[in-house]
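Worksheet for the structure shown next.
The values are calculated or read from the model by the stated rules, or taken from the named source; none is laboratory data. Fair warning: this is a prediction, and the values are worked out from it, not measured in the lab. Here the Cβ positions follow ideal geometry from the backbone for every residue, glycine too, while neighbour counts run over all protein chains shown. Accessible surface areas use protein heavy atoms only, side chains included; no ligands, DNA or RNA. Shrake-Rupley method; radii C 1.70, N 1.55, O 1.52, S 1.80 Å.
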Amino acid sequence: MNAPAKPSALLAKDFASDQEVRWCPGCGDYAILKGVQKTLADIGTAPENVVFVSGIGCSSRFPYYMSTYGFHTIHGRAPAFATGIKLANPQLDVWLVTGDGDGLSIGGNHLLHVLRRNVNMQILLFNNEIYGLTKGQYSPTSKQGLRSPSTPMGSLDRPLSPALFALGANATFVARAVDTQQKHMPGVLLRAHAHQGASFVEIYTNCIVYNDGAFASFAEKNTAAEGELVLEQGAPMIFGKDRDKGIRLKRDTLSLEVVQLGVNGITEDDLLRHDETNRVLAGLLAEMRNPDFPVAVGVLYCKAAPAYDTAVHEQIAAARSAKGAADINKLLRGGATWTVGD
Amino acid sequence: MVTSTAIQLEPTGTPREEVESVVVRFAGDSGDGMQLTGSQFTLATALAGNDLATFPDFPAEIRAPIGTTFGVSAFQINFGARKIATAGDAPDVLVAMNPAALKVNLVDVKAGGTVIIDTGTFSDRNLKKAGFGSNPLEDGSLDGYQVVTIDISKLTMEAVKAYGLSNKEALRSKNMWTLGLIYWLYDRDRETTTNWLRGKFAKRPDIADANIAALDAGHIYGETAELPGGMHGYSVLQAEITPGLYRTITGAEALAWGLAAGAKLANLRMVLASYPITPASTLLHILAGMKQFDIVTFQAEDEIAAVCAAIGASFAGSLGVTSSSGPGIALKGEAIGLAIGVELPLIVVNSQRAGPSTGLPTKTEQSDLYQAVFGRNADAPLVVLAASSSANCFDIGIEAVRLATKYMTPVMVLSDGYMGNASEPWLIPDFDSYAPFPVAFADHEQIGAEGYLPYVRDEKTLARPWARPGTPGLQHRIGGIERADGSGNISYDAENHQRMTNLRAAKINGIANDIPLQGVEQGNESGKLAVVGWGSTYGPISRAVGNMRDLDHDVSHIHLRHIWPLPRNLGDLLAGFDQVLVPEMNNGQLVTLLRAQYLVAAEPLNKVNGQPFKIVEIEAAIQSRLDREFGEAK
């Protein structure tokens, strides 16, 4: 790969393409685009070393709006394309953009496998709990009972949690962010980028047309403080407008509970401290839902593990050093041969 | 020539009978090692200087119940002192290791042929399992054959007694005992098999020794025993073979090596992404063992992921290859359409098998021609190549890489289960004699006033440039939505879609100017009858046409390796014949394509029973066409 000199100072706009952005006015995707562009500028990666890969859906238009290399592929299969890109050239900085329909319905299989293999890339799943581009059908993350064009009497499907799916797939990095929370999101994306392996980030994204307010209970300015728990490694799990609530482990039932600080003598020392290397804890945190619990955002889980693409190329290097450089003539003449004379 | 094997006297003084060619079929239970036996006999026969062709035929079940007819595995070899085109119509010799093998295979044996039977397996229980109502050794059903009954099981046990193996292990040497006998029968050298056994069982020398003892015992039995049925030894003279260095090669090996060679000539890393499927998995296995050639192999989670990963690899500047069989290719269809739209190189190998759906996974067929040429949504042209023999797969592999990279297009390579597994002698080419075709990736010189335009085409090939991510200044975005001519940006413009559709078609059609003119394999370039084939029907068509020409019939053999685009002279060539006959192992696919393209009155000859065409079947079809009034009148 070419190794261009790192530009002195990249700005978010250096990562914007000349294409007109065509999401609906007010779509959460705009905010994510801005957050991602800012993150890339902060990372300082040269745009030519970055590839954005997507499937199909509103979120999957994302690559067209980036000044990097981009591949808008087919529905649900972006993880497979991205894996192929990393197998061909592990040096490329690959970002995969998908949605709840693309990544968890038609592409659920591929998302499962890219996570378990731990292919080194960032996977941003824009979860708006709806099919936008096909005009408003319910998705695998839609709340049960949602009325949509295909479920006029309410959806019967039980929804799945993307973060729990990722943990179940043995993902090595699982995080959450909210489209509008621009101060929080770049930090999560930076962490995802720094992680070697498949970094899964679920981003709650408001679909203003078909599912407006799906996350209103925790994602808006006036609800975030009470509705969200912002995770920080090693920090006690405190939330609330007045920072007076916390999460405590009920040891007898291995479950979580919300407690009020200062009541019944409860102090910070009684609260759970976040340990992002603890997969069981990550699962408990991912399960937390409004209104009984705050929604956990930030890095739920992060554990170092070898990246698949790196390991693949280590095997190739090992084979090359053990068997010597490739020689087609030698290959064709290996094994039993015989000579027919004149 | 290597040492002559002409008439020699046996120790007993019986002379060997000289024969020009022989067809032998080894048949037994799946666990009897018939495929190994066959491949060892193939190698020994090649080393003895005969030309040969083989046909492995094995069940889909991994371990079918022992002794059942559906667990029978067979390996047929045709070898001789003349050019051998097919595995042979009917066996001269059948080796039946159990009643089920006899039951399944006797029907194919030539009238008066030799049947060698292991009587040690002919228990009442096994006879019943094979579905025999009475014992064929006693009820006269073998009248008309030369029957050689030997208790191979018992003789094998005796031969390996000294090695202290369990009964089960000892009996597994039965195939080597049998091979030893057949080696004696046709005067083959045992050394290669002995060496192979030593290598294969390097960690179990007792097993190696036992197998070698069995091999020797079978051979000695032939030399010394008074053989039942008056059986005596034969010699098969060496064939007139082009001088040079040879090996045996299967289609799967030849294709794997051809693709590796092509990637080398293109100066590309190859990424093969595949999902296991019979009979295509062998290609994955072979390439997985070739990492030193900078080949990345990826066993994907499904067929769709496999093709998508291959396309992703091509996007990133490697040669993406995916491999499957018909049902898997069906799953890949949408992604192949994307590769056609974004115009990236991609090689899709289809080892065809009988269908539809799961069909008969281990039985050969060539019924995916429609799928290859037409089997995608919308107007989605690509290149289709068809290998005509195991060895031909090597050159087809190289050509697939050349066309895919030069024209930035998917190339579908059609092989089949028969070709993939069958081995044939191969005059090993000198790789240095192949002209390299290194890929020229786009660089900063392609950056114009409007920046880098990924859909500005080469005027001659109509191919777009290939920009490798990581290259500064060439960042671009492509995808499945129609791309604007030039910039590649999303375009919903209807006129642009018309133009791009035309360009995609013109690019593929133009490849007709970059492939050889269609030649005639045998016969004249015009005349009464052209027999037009493709794929693995090459052998039987070639022999049948040759035989008919020897009888002074006016018939020619034309064999297509370029299925799409078709060679630019094919229409004119076919127009020079009164009749065109198209034998295919499908229900009539190439014949439809030829009729549609050229308005030629081509006629089908079809067969889909899982077996290759017999030479006599094609001869009969040729005869019936030539017997027609109008054919002779012109």
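Tabulated results
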{"quantity": "Filter result (touching a residue at least 60 places away in the same chain (Cβ under 8 Å) and at positive phi) within the range B:243-300", "calculated": "B:GLY244, B:ASN267"}
{"quantity": "Filter result for A:ASP309 (within 14 Å of chain B (Cβ to nearest Cβ) and open to solvent by less than 20 Å² (accessible area, probe 1.4 Å))", "calculated": "yes"}
{"quantity": "Conditions (1) in a strand (DSSP E or B); (2) without any contact (Cβ under 8 Å) to a residue 60 or more places away in the chain; (3) farther than 26 Å from B:ASP108 by Cα; (4) touching a Lys or Arg at 6+ places or on another chain (Cβ under 9 Å); number of the one not met by B:ALA512", "calculated": "(1)"}
{"quantity": "Selection from the range A:96-114 of residues that are within 24 Å of A:GLY35 (Cα to Cα) and either out of contact with any Ser or Thr (no Cβ under 8 Å at 6 or more places or on another chain) or open to solvent by 10 Å² or more (accessible area, probe 1.4 Å) (or both)", "calculated": "A:GLY103, A:LEU104"}
{"quantity": "When residues of the range B:365-387 are limited to those that are open to solvent by less than 10 Å² (accessible area, probe 1.4 Å) and touching a Phe, Trp or Tyr at 6+ places or on another chain (Cβ under 8 Å), the one farthest from B:ILE558 (Cα to Cα)", "calculated": "B:LEU382"}
{"quantity": "Helices (runs of 4 or more DSSP H) fully within the range A:151-223 counting 1 or more residues that are under 15 Å from A:GLU129 (Cβ atoms)", "calculated": "A:162-168, A:216-219"}
{"quantity": "First in the range B:18-45 and within 21 Å of B:THR119 (Cα to Cα), second anywhere and open to solvent by 30 Å² or more (accessible area, probe 1.4 Å), Cβ under 6 Å, 6 or more apart", "calculated": "B:ASP29/B:ILE66"}
{"quantity": "Complete set of residues in the range A:38-91 that are more than 7 Å from every other protein chain (Cβ to nearest Cβ), within 23 Å of B:LYS332 (Cα to Cα), open to solvent by less than 20 Å² (accessible area, probe 1.4 Å) and out of contact with any His (no Cβ under 7 Å at 6 or more places or on another chain)", "calculated": "A:PHE52, A:VAL53, A:GLY57, A:ALA78, A:LYS86"}
{"quantity": "Residue match in the range A:223-232 (condition: modelled with pLDDT of 95 or more, under 26 Å from A:VAL114 (Cβ atoms) and in the same structural domain as A:LYS135 (by TED's automatic domain parsing))", "calculated": "yes"}
{"quantity": "Condition broken by B:PRO454, with the remaining ones in (1) within 14 Å of chain A (Cβ to nearest Cβ); (2) open to solvent by 10 Å² or more (accessible area, probe 1.4 Å); (3) more than 20 Å from the chain's Cα centre (by Cα) satisfied", "calculated": "(2)"}
{"quantity": "Matching residues, the range B:411-423, being more than 14 Å from chain A (Cβ to nearest Cβ) and either over 30 Å from B:ALA505 (Cα atoms) or under 16 Å from the mean Cα position of the chain (by Cα) (or both)", "calculated": "B:MET412, B:VAL413, B:LEU414, B:SER415, B:ASP416, B:GLY417, B:TYR418, B:MET419, B:GLY420, B:ASN421, B:ALA422"}
{"quantity": "Whichever residue in the range A:312-324 is open to solvent by 50 Å² or more (accessible area, probe 1.4 Å) and at the interface with chain B (Cβ under 7 Å from one of its Cβ atoms) and, among such residues, is modelled with the highest pLDDT", "calculated": "A:GLN315"}
{"quantity": "Any hit, the range B:216-238, residues being over 25 Å from B:ALA162 (Cα atoms) and within 13 Å of chain A (Cβ to nearest Cβ)", "calculated": "yes"}
{"quantity": "Output for the range A:137-166, where each listed residue is open to solvent by less than 10 Å² (accessible area, probe 1.4 Å) and closer than 14 Å to A:LEU104 by Cα", "calculated": "A:SER139, A:THR141, A:SER142, A:PRO162, A:ALA163, A:ALA166"}
{"quantity": "The range B:399-414: number of residues that are buried (at least 24 other Cβ atoms within 10 Å of the Cβ) and farther than 19 Å from B:GLY337 by Cβ", "calculated": "2"}
{"quantity": "Residues of the range A:261-319 that turn out to be farther than 30 Å from B:ALA316 by Cα, of a type outside the set (S, T, N, Q) and not in a strand (DSSP E or B), as a count", "calculated": "28"}
{"quantity": "A:PHE173 being open to solvent by less than 40 Å² (accessible area, probe 1.4 Å), within 20 Å of A:TYR301 (Cβ to Cβ) and not polar (S, T, N, Q)", "calculated": "yes"}
{"quantity": "Members of the range B:20-70 found to be among the hydroxyl-bearing types (Ser, Thr, Tyr), open to solvent by less than 10 Å² (accessible area, probe 1.4 Å) and not in a strand (DSSP E or B), listed by number", "calculated": "B:THR37, B:THR42, B:THR45"}
